[in-house]
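Enquirer: My structure is below; once you've seen it, I'll send some questions.
The values are calculated or read from the model by the stated rules, or taken from the named source; none is laboratory data. Just so we're clear, the structure is a prediction, and the values are computed from it rather than from any experiment. Every residue, glycine among them, receives a Cβ derived from its backbone with ideal geometry; neighbour counts consider all protein chains shown.
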Ligand SMILES: Cc1cc2nc3c(=O)[nH]c(=O)nc-3n(C[C@H](O)[C@H](O)[C@H](O)COP(=O)(O)OP(=O)(O)OC[C@H]3O[C@@H](n4cnc5c(N)ncnc54)[C@H](O)[C@@H]3O)c2cc1C
């Protein structure tokens, strides 16, 4: 995966050759395995898009309901899969236990929305910039911070895990009777 921060929107709408050209220019001096990866772009299948979030005022209208990324995409930051499964569990559980569909859909949103919101809010622009440094100094700083954090996280394993656990992992799953 090649990721970079850009202030320009709409790059995902360019044709394949232009997207490959942008990747080649952006990562031309990245070193390490970059030349091999860029060379392979010539005839490799390519998926190129902007990272974004989906924020909707409500997740259902009538009997139509959204779930997972379609309702609350957080971006590829380690919460989307868990939250989609949590949402599916709650949606099925509420549909199976409430008296009618509108009540079930309202309850589903009431239960899942706080976690989805928290997962979205925890994606900070500063963290995204730190993950995608734009200068040599930025790369050095990132490596220095990771060099300190990695061994500490090994030693303090459980504690660091608890502090950095994504919001989806902190969700207390409601129990529903088997259908
Ligand atoms: C590069 C990247 C890295 C990621 N890394 C992580 C990670 O490390 N951890 C994590 O938790 N999440 C990660 N995510 C996010 C995660 O992949 C999504 O949040 C998750 O897949 C959402 O599940 P979903 O079922 O809502 O949507 P999707 O997985 O997108 O499923 C939707 C499905 O609907 C199909 N579809 C679309 N339109 C139609 C149609 N008209 N008819 C029929 N089918 C249709 C699509 O083909 C797709 O299979 C990452 C995402 C990306 C892009």
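Enquirer: Output the number of residues of the range 107-154 satisfying the condition of being in a loop (DSSP other than H, G, I, E, B) and loosely packed, with under 11 Cβ neighbours inside 10 Å.
Expert: Residues that pass the stated criteria total 2.
Enquirer: Within the range 55-93, can you find the residues that are more than 10 Å from the ligand (Cβ to nearest atom) and free of Cβ contacts under 8 Å to residues at least 60 places away in the same chain?
Expert: Of all residues in the range 55-93, those more than 10 Å from the ligand (Cβ to nearest atom) come to 55-65, 86, 89-93.
Of everything in the range 55-93, those that are more than 10 Å from the ligand (Cβ to nearest atom) and free of Cβ contacts under 8 Å to residues at least 60 places away in the same chain turn out to be 56, 57, 58, 59, 60, 61, 62, 63, 64, 65, 91.
Conditions tested, residue by residue: (1) over 23 Å from the mean Cα position of the chain (by Cα); (2) in the same structural domain as residue 1 (by TED's automatic domain parsing); (3) more than 16 Å from the ligand (Cβ to nearest atom); (4) at pLDDT below 95.
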| position | (1), (2), (3), (4) |
| --- | --- |
| 139 | no, no, yes, yes |
| 148 | yes, no, yes, yes |
| 156 | yes, no, yes, yes |
| 168 | no, no, no, yes |
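Enquirer: OK, next. For the range 27-48, which residues satisfy the criterion of being exposed (fewer than 15 other Cβ atoms within 10 Å of the Cβ) and in contact (Cβ under 8 Å) with a residue 24 or more places away in the chain?
Expert: 46
Enquirer: Kindly indicate whether any position in the range 23-31 is more than 26 Å from residue 73 (Cβ to Cβ) and modelled with pLDDT of 95 or more.
Expert: Yes; the residues of the range 23-31 include at least one that is more than 26 Å from residue 73 (Cβ to Cβ) and modelled with pLDDT of 95 or more.
Enquirer: Could I ask something else about it? For the range 112-124, state whether one or more residues are farther than 30 Å from residue 4 by Cα and out of contact with any strand residue (DSSP E or B) (no Cβ under 7 Å at 6 or more places or on another chain).
Expert: Among the residues of the range 112-124, at least one is farther than 30 Å from residue 4 by Cα and out of contact with any strand residue (DSSP E or B) (no Cβ under 7 Å at 6 or more places or on another chain), which makes the answer yes.
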